[in-house]
Ligand SMILES: Cc1cc2nc3c(=O)[nH]c(=O)nc-3n(C[C@H](O)[C@H](O)[C@H](O)COP(=O)(O)OP(=O)(O)OC[C@H]3O[C@@H](n4cnc5c(N)ncnc54)[C@H](O)[C@@H]3O)c2cc1C
């Protein structure tokens with residue numbers, strides 16, 4: 001085993017780069033692997049208005065470049081490569097092995113910050129109107145639709161939560177639920193039913209989007225009982241059918257919950273593997289924000305530094 005690093009960070013979203021800033025400043029000489037989406041999810045959005053420290057907002061790509069520059073200022077080594085395999089040691093103080101293609105990597109600590117990917121329906125129009133009214137995050141983008149009419153697609157807890165959140169900001173929220181019932185908990189379902197400006201359309205699905213200049217003006221929906229199409233005038237369409245955590249390469253190596261999210265110990269980023277920490281959306285199906293991801297990236301670097309200190 002050559003070149004055993006103190007810390008490898010997998011992922012280059014807000015959690016990965018924040019972990020890098022803290023790990024580098026603690027002299028762990030971290031090496032960060034960006035994966036296929038350098039900068040993470042925020043590189044797919046135009047406006048980020050809720051990250052503290054940017055009074056006028058900032059575009060997602062610019063913000064991620066700032067985070068990367070800050071991590072590199074403290075000499076984080078950034079590799080534009082994907083980690084393809086992991087073999088974790090179960091021993092405290094053991095050496096973890098990762099692969100970037102054929103390249104073998106060894107580290108005393110690993111910070112996993114591979115994020116989660118929002119699920120979409122797979123419609124061409126979702127891509128066309130992305131950034132022009134289609135979103136997968138009400139907390140991120142709801143504010144842009146204040147006083148307007150929006151649609152939420154989905155019938156689970158996430159959709160019910162997104163709809164109730166939006167109902168406080170928007171004029172009217174129409175929920176499209178494919179079946180004749182919600183998959184959400186009874187409590188969430190009740191909350192939706194008791195909210196006057198949410199209308200639930202059961203048996204309805206989104207099949208298209210219309211609008212000039214790639215800005216959403218209408219949703220094309222279908223009643224799946226009759227196949228009858230109709231349109232609903234809206235400015236925003238929130239797809240709330242869940243997320244997929246990017247953990248497939250860690251399956252069998254680390255404890256995951258039923259939905260594939262990495263399980264961390266309460267109030268820490270520790271996983272069940274000594275020396276392996278998880279930060280950001282990959283271990284958080286609840287908050288899923290850049291600032292919470294960044295916060296847990298800071299925690300992961302501090303947890304890694306403490307772990308290494310205790311080994312000495
Ligand atoms: C369109 C959109 C708009 C959003 N707007 C906002 C907003 O305005 N405000 C806000 O707070 N939040 C917003 N969010 C949510 C925010 O982007 C996420 O909460 C945040 O990016 C999560 O950060 P993360 O570091 O956990 O992971 P991510 O940003 O998901 O990054 C994951 C990283 O892991 C890498 N990776 C994955 N697998 C591997 C692998 N095998 N090897 C190496 N690297 C790997 C990827 O390449 C990527 O760099 C938005 C999300 C989307 C999709």
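The values are calculated or read from the model by the stated rules, or taken from the named source; none is laboratory data. Computed from a predicted model, the values in this text were never measured in an experiment. Cβ coordinates were reconstructed from backbone atoms using ideal geometry, including for glycine residues, and neighbour counts include every protein chain displayed.
Quick notes
- Within the set 262, 273, the sole residue that is touching a residue at least 40 places away in the same chain (Cβ under 8 Å), in contact with a strand residue (DSSP E or B) (Cβ under 9 Å, 6 or more places away or on another chain), within 16 Å of residue 96 (Cα to Cα) and not assigned by TED's automatic domain parsing to the domain that holds residue 130 turns out to be 273.
- Within region 258-278, being within 13 Å of the ligand (Cβ to nearest atom) and farther than 13 Å from residue 109 by Cα holds for 260, 261, 262, 264.
- Any pair with Cβ under 8 angstrom, 6 or more apart, that starts in region 74-101 at a residue that is more than 15 Å from residue 11 (Cβ to Cβ) and ends at one that is near the ligand (Cβ under 9 Å from one of its atoms) and part of a loop (DSSP other than H, G, I, E, B): 99/83; 99/84; 101/81; 101/82; 101/84
- In this entry, residue 261 is excluded by the filter for residues that are modelled with pLDDT under 95, within 17 Å of the chain's Cα centre (by Cα) and within 30 Å of residue 164 (Cα to Cα).
- Qualifying residue in region 119-138 (condition: within 14 Å of the ligand (Cβ to nearest atom), more than 30 Å from residue 210 (Cβ to Cβ) and in contact with a strand residue (DSSP E or B) (Cβ under 6 Å, 6 or more places away or on another chain)): no
- Test: residue in region 199-222 that is over 22 Å from residue 125 (Cα atoms), in contact with a helix residue (DSSP H, G or I) (Cβ under 7 Å, 6 or more places away or on another chain) and buried (at least 16 other Cβ atoms within 10 Å of the Cβ): yes
- Of the criteria (1) more than 9 Å from the ligand (Cβ to nearest atom); (2) surrounded by 22 or more Cβ atoms within 10 Å (Cβ to Cβ), which one residue 104 fails: (2)
- Selection from region 44-63 of residues that are touching a helix residue (DSSP H, G or I) at 6+ places or on another chain (Cβ under 6 Å) and either within 8 Å of the ligand (Cβ to nearest atom) or more than 18 Å from residue 115 (Cα to Cα) (or both): 45, 48, 51, 60
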